[in-house]
Amino acid sequence: MSKTGNHTYHVKTDGFYGELFLPSEDKYPGKALICFSGSDGGIELSKVLAKVFQDQGLTTLALAYVVGEDLPKQFSCIPVDFIETAAKRLHDMGYHKVGLWGISKGAELALLAGSLLPELINAVIAVSPMNTICQGFAKKKGISFVPGSCWSFHGEELPYTAYGTKKFPLGQILRQSIKLRDVSMYDLYLPLVKNPNPDAVIQVEKITGPILLISSKMDNMWPSELAAEQIMKQLKDFDFPYSYQHLSYDYGGHMFVPMEFEQTKLFKGERGKNKEAGLKCRLDSLTKTLEFVSQW
């Protein structure tokens with residue numbers, strides 16, 4: 001393949017939907033990153049992220065896993081197989097080290113895929129992470145819970161931790177968000193993080209490479225810092241043989257992307273007096289991420 005320009009892959013012809021961003025100067029030869037976004041699950045934010053990494057000299061595949069062409073329409077039994085097929089493609093192209101970068105639901109997916117694909121995935125960067133596989137949901141005329149798991153693998157539904165209520169608690173979430181002056185589902189996810197279904201805890205100890213966790217202390221969307229701490233404890237308890245690190249930043253919100261991005265202002269950790277500090281923390285995370293990639 002030419003080392004200039006991008007290349008798009010499609011589910012029907014390639015088994016996954018994504019766009020490959022090739023740097024003009026490959027500063028990390030033999031390494032490639034697959035990046036994907038959170039609960040939007042689409043390609044647009046992934047492409048913006050991939051462009052950031054491409055500009056830093058890193059080959060990056062922007063991937064969509066839901067709500068795109070020929071993809072699942074909701075977060076219900078989404079196949080981790082998309083990641084498997086994409087990683088195989090990169091290995092076949094000569095990238096002997098393939099890492100994952102995911103944020104929010106994408107961080108849940110990155111850690112999960114890394115644990116399920118030890119022969120293909122060699123590093124995981126999980127931003128605003130989750131420590132358990134969560135119950136499925138749909139975003140159509142609001143949010144509704146779907147019985148069953150968010151994820152599947154090779155046709156099998158994966159174990160999950162259920163929400164403690166049958167219906168999406170819109171009133172509770174609105175009251176909490178107004179109180180905090182921030183978008184918040186913290187109370188909904190806190191029981192899942194603290195008391196997950198043991199069978200649904202992501203088996204991060206099976207990942208065959210270094211792990212970088214990134215969170216913000218001002219993340220009110222869900223308890224990502226606590227989830228990261230739980231993951232760190234799990235890795236320590238299993239005497240994880242690779243390097244692992246948790247970067248917990250004082251500023252920034254749930255959308256802790258390593259770049260300037262307009263939508264971050266939706267979160268309190270990025271508004272008003274927190275704006276400059278939040279951006280500084282997120283840009284620092286890019287520096288730390290590239291250091292992580294260079295050492296992996």
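The values are calculated or read from the model by the stated rules, or taken from the named source; none is laboratory data. This one's a predicted model, so the numbers in the text were calculated from it and none came from an experiment. Cβ atoms come from the backbone with ideal geometry, glycine included; neighbour counts cover every protein chain shown. These accessible areas exclude ligands, DNA and RNA; they are computed on the full protein's heavy atoms, side chains included. Shrake-Rupley method; radii C 1.70, N 1.55, O 1.52, S 1.80 Å.
Per-structure values
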read-out	value
Counted residues, the stretch 222-244 - those being out of contact with any helix residue (DSSP H, G or I) (no Cβ under 7 Å at 6 or more places or on another chain) and closer than 21 Å to S37 by Cα	3
Looking only at the stretch 113-133, and only at residues there that are in a helix (DSSP H, G or I) and open to solvent by less than 10 Å² (accessible area, probe 1.4 Å), the one that is farthest from L213 (Cα to Cα)	A113
So V257, is it closer than 24 Å to D182 by Cα, among the β-branched types (V, I, T) and part of a helix (DSSP H, G or I)	no
Condition met for A113 (under 12 Å from the mean Cα position of the chain (by Cα), within 20 Å of G38 (Cα to Cα) and modelled with pLDDT of 95 or more)	yes
The stretch 70-107 - residue that is among the charged types (D, E, K, R) and open to solvent by 10 Å² or more (accessible area, probe 1.4 Å) and, of those, farthest from M255 (Cα to Cα)	D92
Neighbours by Cβ (under 8 Å, 6+ apart or cross-chain): first from the stretch 228-254, closer than 17 Å to S285 by Cβ and open to solvent by less than 30 Å² (accessible area, probe 1.4 Å); second in a loop (DSSP other than H, G, I, E, B) and basic (K, R)	Y249/K217
Residues satisfying the stated conditions in the stretch 217-227, i.e. part of a helix (DSSP H, G or I) and crowded, with 23+ Cβ neighbours inside 10 Å	S224, A227
Test result for V67, surrounded by fewer than 24 Cβ atoms within 10 Å (Cβ to Cβ), part of a loop (DSSP other than H, G, I, E, B) and either without any contact (Cβ under 8 Å) to a residue 12 or more places away in the chain or aliphatic (A, V, I, L, M) (or both)	yes
Selection count, the stretch 263-296, where residues are of a type outside the set (A, V, I, L, M, F, W, C), within 19 Å of C35 (Cβ to Cβ) and crowded, with 20+ Cβ neighbours inside 10 Å	4
Residue in the stretch 184-197 that is assigned to a loop (DSSP other than H, G, I, E, B), out of contact with any Gly (no Cβ under 6 Å at 6 or more places or on another chain), at pLDDT below 90 and loosely packed, with under 15 Cβ neighbours inside 10 Å present	no
Matching option when the condition is in contact (Cβ under 8 Å) with a residue 12 or more places away in the chain, in a strand (DSSP E or B) and among the β-branched types (V, I, T), among T60, T85	T60
Enumeration of residues in the stretch 18-46 that are within 30 Å of G142 (Cβ to Cβ) and either of a type in the set (G, A, S) or surrounded by fewer than 24 Cβ atoms within 10 Å (Cβ to Cβ) (or both)	G18, S37, G38, S39, D40, G41, G42, I43, E44, L45, S46
Of all residues making up the stretch 38-85, the number that are at positive phi and among the hydroxyl-bearing types (S, T, Y)	0
Residue check for E260: surrounded by fewer than 22 Cβ atoms within 10 Å (Cβ to Cβ), out of contact with any helix residue (DSSP H, G or I) (no Cβ under 9 Å at 6 or more places or on another chain) and of a type outside the set (A, V, I, L, M)	no
First in the stretch 279-296 and over 11 Å from Y249 (Cβ atoms) and at pLDDT below 95, second anywhere and among the aliphatic types (A, V, I, L, M) and buried (at least 17 other Cβ atoms within 10 Å of the Cβ), Cβ under 8 Å, 6 or more apart	W296/A123
